[in-house]
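A.B. asks: Quick one: this structure, given as structure tokens, is what I'll be asking you about.
Read the figures in this text as sums done on the coordinates, not as results from a lab. Keep in mind it's a predicted model, so treat the numbers as computed, not measured. Quick reminder, even Gly has a Cβ in these numbers, built from the backbone with ideal geometry, and neighbours come from all protein chains shown.
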Amino acid sequence: MLRTRRFKTFIAVILVIILISYSYIPAYGMSFSDISGYWAKDSITRLASHQIVAGYNGKFNPKSGVTRAEFAAMIVRAVGLADQASVARGSATGYRDVDAGHWASGFIIIAREMGIISGYPDGTFKPSAMIRRDEITSVLVRALGLTPDDTMADPVGVFADGDSIPAWALDAVRTAYDYRLISGFPDERFYPAQNATRGETAVLIERVLEQLGEQFTFYGAIQYIDVTSGLITLDIHGQVESFFLSPKAEVRIGDLSGPADQLKAGTFVLVILDENGYINFLQTVNEKVVNSGAPSPQSVSQDYRGRGTVLQDYRGTNLNGISDDELIIAIIMTQKNTIGEVAGIVRNRGGIIKFTQEDFGLLIVEAADSLLEQLRYNPMVEEIVRDRQVKVEPLSVNEFENEETTNYNSSNPGSSLNVTKTAIKAPEYVNLTNCDGKNQIIAVIDTGVDPGHPDLQTTSDNKRKIVDWQDFTGEGDVDTSSTVKPDGKNVHLANGTYYLGDIISKGNKFRYGYLREVDLQNASDRGLDLNFNNNLNDVFAILVADSKTTGIYDTVYVDTDKDKDFSDEKPLREFSQYTDYASFSGNSGQDLFNFVITRIEQDGSIINLGFDGNDHGTHVAGIAAANGKIKGVAPGAQIMALKVLDANGYGNLSTITQAMSYAAAQGAKIVNLSLGLPVTDESGGSVPSKLLNNLTENLGVIFVVAAGNEGPGLTTVASPGDAAGALSVGAFITPKMWETDYGWDVPEENLWFFSSAGPRKDGAMSPTIVAPGNAVSTVPLRKGDNYSLSEGTSMAAPHVSGAIALLLEVAQRKNLKVHPVLIRKAIESGGRPIPGYSPAEQGYGVLNLPMAWAEILSLTELREIEAKTNNPDVSTASGIYFREYTPGKTTIYLTNNSVKNLELNLNGGMWAKPGQETILLPAGKTRAVDMELRVPEQKGLFASVITADDPSTYGNDATVLSTVINPYELSAENKYSISLEGTAKPARFQRYFFKVPPGAEIIEARLNVPEGKGRVRVFLYNQAGRMVNETEFAGINPNGYREEVTATGNYPSAGVWEVVVYSSAGLSSYNLKKSDYTLDVSLSGKNIGQYQKKDRNIIIGIIPRVLSAGKKNYITVQARDRYTKRPYEGFIEIGGSVYFSRGGRVTLPVTADENGADITVRTVPGSSVYRSWEFSFSMPSG
């Protein structure tokens, strides 16, 4: 925290002594041959140690003038942006007299971007012109961001030649004099028009460093010195650390330069470190400065005399609790052109290759866990993950709301989709463009699709609706390896004689097997009743014939009616080549279990029956493309049915990846994934996500992925919805949709309570768009009703897939080349935000088809810009996400992957401020942009979008989601209990966040509703975004009034927990328009607040200096890696806010009163269970 306090007078005196004592440095080590005896030699030497200035053949030429180009280089280095100048070098500068090849082009570009040095009205920079004293003064004031005020002396009265100072420079000179950046000459003149010398410039730049608190890296006391090796151990504010002197180190002992062997233990020193952690400059100080306490939670007494650290090598160690010899299935993404070598390693080590896709570098293997662990460290392996199970869960709003709704119109089932299509303005777009998705194929990766549904037979132009059907689950596999020869018109199978009629086998040998109901599973794990006779013991014979060529089996007969007669059965061939399907039937033919043959092994030993035993896939396909009694979003589109989930809704990661590869290889350009994997810590880095990105980039496939139904908590988006190449779709609902499908009066559109929310764990936006999350759509015919109402992000995704089919049809008709990136960006840019929800929850808002089409027409050129950043919990992130800490400043890295240099305008959104308004981004290069985050003080969720835009093209070229949570803190001060009152409208939810310390045994969220005042329930999410508990409704209920409900969690992990209060959508049933409630959140336990200790990994320091009371001051916190001594690139907490220490330092303004200012710096531990190391610095004023 930053606060003022009284500081003893003698400290200020000591500091003044220090500031005077270190000003005499002789030519030694890093000095120059021509500065001995020169009045500015001290500043020159220190700047050389900082690598801010350099000489010419061992000379500095201190009396020579400084060109504008030279000064641009000096000041840019001084403010720590030399690395950015190096990136920008070689690019067009924007000045007609400075070409891209100029040695200082990069420095000139950075100086212009930061507003430090600008050019002239005629478009020139005049790089070779000497810089004048008035010019250099103006630049220094701008570099420090200083502004004049009425208390500052008028330069006209201060300097004898003050009236000769140009009007444009008066304010700068006034400010510089007040801050002691300039003082004039002994004759009391300023000489504004006189050219500044290199020596004068060095002094002025060092005064800038002094103002910033960056003259030195660390201040400390020598504990140990080894002259032979150059090792010096320092006590830096209680941190005992070892460093080496560089070969060219400047050593200053008192008023004299001297060798290191004259240094003694106990001596206080100021040091300047180079980038590699070596001491370039060391100055002894005669007095001890007590401006900080030792770091807590424990003092540091170790004498670290080495520069490295030993990292434990976990390679080959099994961390999964699995025997090294146990074979497990894993999915491997390999580096380009290495799949054969990786597969060879697996085979040679006893593994089995189950699936390979060379074009995409995808392997699915069965191998020992020990081998898989070793492969993780193989450079040919990009990613490896163990296979795991996936499940789609049915949702029921009636069950959730504990209300029965009867508004579904069975006589007009199409009315539901008509309303949802209107919500995304599909009719408006269709009327505008006369499209329906013709010539587009949507791959539905799901539970399969009923091939016999009347609305899924043909497209609007009479093409077959389902063009392919594949089963990746093996659920429909039947062993037909038994053989039998015909006996006339009969065959004698194991369970009896069957009539063949005219069925023939060219080889005079049939294959056969049996389909058993008990081998199939429904939602109750009891088998599937295929013929609707309430008996799960039925067995159906299957005959396979080689009808055309001997030994090549191509036709299947299934005895669906169990009459031991194959002649009355429909001959079935592989569905991908033919449109054959057959049915089991019941209830006098009203119930039909339709199926296809997806695969016949050439030798007839195995066949596969494809069917949707779950309903989910058929429902999804209907929303996207039904063409019958109901009309999907794109009735002219075709469907590729790819089954990856069985009748019980279960599937595996491995089958999903196979289906994704298959869809892309078979030419599908739209792939719908209305499923998701459980939320993991692999944001954007899971194998499905990487494969999806690969297929999008290389084959032009657009993946539409349901965000998941783990909402309403934050950070609950499922993989691969977290992939950068996916359109991740959340679910919303309009008042008309509520009325049509549920009969409730809900006045506002809302996100569905179940819709998973972002951001991703790495801060990126997901979902990126929302679409209708409920609809009446097609279901398999086995239930006697062809349609049903379902809810979920699974229903939202096919709305988007169908919409993309409409967009692609029109684009192709107009010969527009549309890459998936363009489609995705157009849909996102055309989204309509829902009021009351942040972009972290809804992405860019509701899908709006006409706006998406307008964006496609406008987005004539796409910039390939990648944005990355750093978060406290994720080292390389795609978005800014602060859940545990209050942010102060972070850094965004923009990479230009195109072949053209770009100049971008930066906009920080609602509460982020970029360090510069524009940035030049050279082709193939990465630039860093500091971003100051000014988050509101109130508690809650704050999300905004940062943009980078090339003004010469349409639309933003890069976006970064910035999400910050400001939680309530459960602490000893509030007895670990907080009570809040709230109000929520129907179907709306309110989010609350609570910082939980370690050691609690129970967290409790209790919700109370006054009688007759509403109906709400509560969801409890842990620090990782996983739901721990949810309650029933408190308040009015169908069975009476319930005063309160409570959600609890046992042994809550430390971190920020989320409590979501949801107000019932059915309030209108009780004549209510809102819900009033009281939320009480509390912790209990005996050891609350007991943090664990963790070794410190960084060195923290602030150089003591005297601050100016009532004026703008700066302090710089230096941070170095404890083991490498290189600049620490990570987060540190200063004054209660977290800052990213780019280049190993954080500079920020601080205000001091007459007593000075106190600065508290803390480390940011990697986990909430650890206590931060804390350092307190007291800076006096004078």
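A.B. asks: Using the Cβ atoms and a cut-off under 11 Å, what net charge is assigned to the surroundings of residue 635, where Lys and Arg are +1 and Asp and Glu are -1?
C.D. replies: Net of charged neighbours comes to +1.
A.B. asks: Quote the FRET efficiency, to the nearest 0.05, computed for residue 1097 versus residue 698 with a Förster distance R0 of 51 Å and r equal to the Cβ-Cβ distance.
C.D. replies: 0.80
A.B. asks: Straight distance only, please: which aspartates and glutamates reach the Cα of residue 564 with their own Cα at less than 14 Å, same-chain residues fewer than 8 apart left out?
C.D. replies: 538
A.B. asks: Residue 195: net charge of surrounding residues, Cβ under 9 Å, Lys/Arg +1, Asp/Glu -1, itself excluded?
C.D. replies: With Lys, Arg at +1 and Asp, Glu at -1, the neighbours total +2.
A.B. asks: With an 8 Å cut-off on Cα pairs and a minimum separation of 6 or more residues, tell me the relative contact order of the stretch 968-1084 in percent.
C.D. replies: That works out to 42 percent.
A.B. asks: Just in the stretch 1054-1146: which GluC sites (Glu not before Pro) are loop by DSSP and have at most 15 other Cβ atoms within 10 Å?
C.D. replies: 1129
A.B. asks: Pop out the Kirkwood hydrodynamic radius of the stretch 1034-1090 from its pairwise C-alpha distances, inverse of mean 1/r, in Å to one decimal.
C.D. replies: It is 14.4 Å.
A.B. asks: For residue 348 and residue 386, what does the FRET efficiency come to when R0 = 30 Å and r is the distance between their Cβ atoms, rounded to the nearest 0.05?
C.D. replies: In this case the efficiency is close to 0.90.
A.B. asks: Here is a follow-up. Could you tell me the extents of the chain's C-alpha atoms along the three principal axes, largest first, rounded to whole Å?
C.D. replies: Principal-axis extents of the Cα atoms in the chain, largest first: 123, 71, 62 Å.
A.B. asks: So how many Å³ per residue does the convex hull of the Cα atoms of the stretch 33-212 work out to?
C.D. replies: 116 Å³
A.B. asks: To continue, here is another question. For the stretch 173-215, which GluC sites (Glu not before Pro) are in a loop by DSSP, counting at most 16 other Cβ atoms within 10 Å?
C.D. replies: When the GluC sites (Glu not before Pro) of the stretch 173-215 are filtered for loop state and at most 16 Cβ neighbours within 10 Å, 188 remain.
A.B. asks: Then there is this: Over all directions, average the projected area of the Cα convex hull of the stretch 473-529 and note it in nm².
C.D. replies: Dividing the Cα hull surface by four gives the mean projection, 5.2 nm².
A.B. asks: Give me the net charge for the shell around residue 124: Cβ to Cβ below 15 angstrom, other residues only, Lys and Arg +1, Asp and Glu -1.
C.D. replies: 0
A.B. asks: Moving on to the next point. Taking the inverse of the average 1/r across all pairs of different Cα atoms in the stretch 968-1084, what Kirkwood radius in Å do you get?
C.D. replies: 14.2 Å
A.B. asks: Another question about this same structure. For residue 1086, list the lysines whose Cα falls under 20 Å from its own Cα; do not include residues on the same chain fewer than 8 positions away.
C.D. replies: Within the straight-line limit of under 20 Å, residue 1086 reaches these lysines: 975, 995.
A.B. asks: Also: Could you list which residues have their amide H under 5 Å from that of residue 668, counting only those 5 or more apart in sequence or on another chain, with H placed in the peptide plane?
C.D. replies: Those qualifying (amide H under 5 Å, at least 5 residues apart or on another chain) number zero.
A.B. asks: How far is it, in nm, from the label point at residue 587 to the one at residue 150 when both lie 7 Å from their Cα along the line to the Cβ?
C.D. replies: 8.7 nm
A.B. asks: Next up: Shape of the stretch 348-400 from its Cα gyration tensor (a ≥ b ≥ c, root eigenvalues): rounded if a/c is under 1.5, otherwise prolate when a/b > b/c, or oblate?
C.D. replies: Cα axes put the stretch 348-400 in the prolate bin.
A.B. asks: Among 1174-1182, 474-482, how do they line up from the highest to the lowest mean number of other beta-carbon atoms within 10 Å?
C.D. replies: 1174-1182, 474-482
A.B. asks: Let me ask you something else. Tell me, what ³J(HN,Hα) does each residue in the stretch 908-915 have, in order and in whole Hz, if you take phi through Karplus 6.51 cos²θ - 1.76 cosθ + 1.60 with θ = phi - 60° and put x for Gly and Pro?
C.D. replies: So the J values, rounded to whole Hz, are x, x, 6, 9, 10, 10, x, x.
A.B. asks: Exactly which chymotrypsin sites (Phe, Trp or Tyr not before Pro) in the stretch 533-617 are in a DSSP loop and have at most 15 other Cβ atoms within 10 Å?
C.D. replies: 578
A.B. asks: Here is a further query. If the viscosity is 1.306 mPa s and the temperature 10 °C, what Stokes-Einstein diffusion coefficient in µm²/s follows for the stretch 453-495 when Rh is the Kirkwood radius over Cα pairs?
C.D. replies: 108 µm²/s
A.B. asks: If a helix is a whole DSSP H run, which ones in the chain reach 20 Å or further along their own axis (Cα) and hold a mean Kyte-Doolittle hydropathy of at least -0.5?
C.D. replies: In the chain, the long hydrophobic H runs are 198-212, 793-813.
A.B. asks: Moving to a separate point now. What share of all Cα pairs of the stretch 865-966, in percent, falls into each consecutive 5 Å distance bin?
C.D. replies: All Cα pairs, binned at 5 Å, distribute as 3, 13, 25, 25, 16, 10, 5, 2, 0 percent.
A.B. asks: Rounded to the nearest 20 Debye, what is the dipole magnitude of the stretch 231-288 about its Cα centre when Lys and Arg each give +1 and Asp and Glu each give -1 at the C-beta?
C.D. replies: The calculated dipole for the stretch 231-288 is roughly 120 debye.
A.B. asks: Let me ask something else about it. Which of the lysines could a cross-linker bridge to residue 814, judged by Cα under 16 Å and excluding same-chain residues fewer than eight apart?
C.D. replies: Result set, ordered by chain and number: 438.
A.B. asks: Here is a follow-up. Which of the pairs 562/643; 425/1074; 425/825; 690/761; 421/629 have their Cα atoms more than 21 Å apart in this structure?
C.D. replies: 562/643; 425/1074
A.B. asks: Can I ask one more? HN-Hα J couplings of the stretch 468-479 from phi, Karplus 6.51/-1.76/1.60, θ = phi - 60°, integer Hz, Gly and Pro as x?
C.D. replies: Each residue's phi maps through the Karplus curve to give 7, 8, 10, 10, 9, 7, x, 4, x, 5, 10, 6 Hz.
A.B. asks: Follow-up question, since we're still on this one. Determine, for each peptide in 829-836, 772-779, the mean count of other beta carbons within 10 angstrom over its residues, then list the peptides with the highest first. Could you put the intermediate results ahead of the total?
C.D. replies: Values: 829-836: 16.8, 772-779: 28.2.
Ranked from most to least packed, the peptides come out as 772-779, 829-836.
A.B. asks: When only alpha-carbon atoms count, how far does the stretch 477-608 stretch along each of its three principal axes, as whole angstroms with the largest first?
C.D. replies: In descending order, the Cα extents are 42, 31, 24 Å.
A.B. asks: Do you know the relative contact order of the chain, to the nearest whole percent, from alpha carbon pairs under 8 angstrom that are 6+ apart?
C.D. replies: Reported relative contact order: 10 percent.
A.B. asks: Then there is this: Rounded to whole Å, give me the distance from the Cα center of the stretch 579-599 to that of the stretch 1101-1170.
C.D. replies: If you average the Cα positions of each part, the centres end up 71 Å apart.
A.B. asks: List nothing, just return the count: lysine pairs in the stretch 865-966, 8 or more apart or interchain, with Cα separation under 22 Å.
C.D. replies: Numbers: 868/889; 868/900; 868/913; 868/925; 889/913; 889/939; 900/925; 913/939.
So the count of such lysine pairs works out to 8.
A.B. asks: Another one. Considering the Cα positions of the stretch 397-507, please state its Rg to one decimal place and its Dmax as a whole number of Å.
C.D. replies: Reported Rg and Dmax, both Å: 23.5, 65.
A.B. asks: Separate question: In sequence order, what are the phi-derived ³J(HN,Hα) couplings for the stretch 750-765 according to the Karplus relation 6.51 cos²θ - 1.76 cosθ + 1.60 with θ = phi - 60°, rounded to whole Hz, with x for glycine and proline?
C.D. replies: The phi angles translate into 9, 6, 5, 4, 7, 5, 4, 10, x, x, 4, 4, 8, x, 6, 6 Hz.
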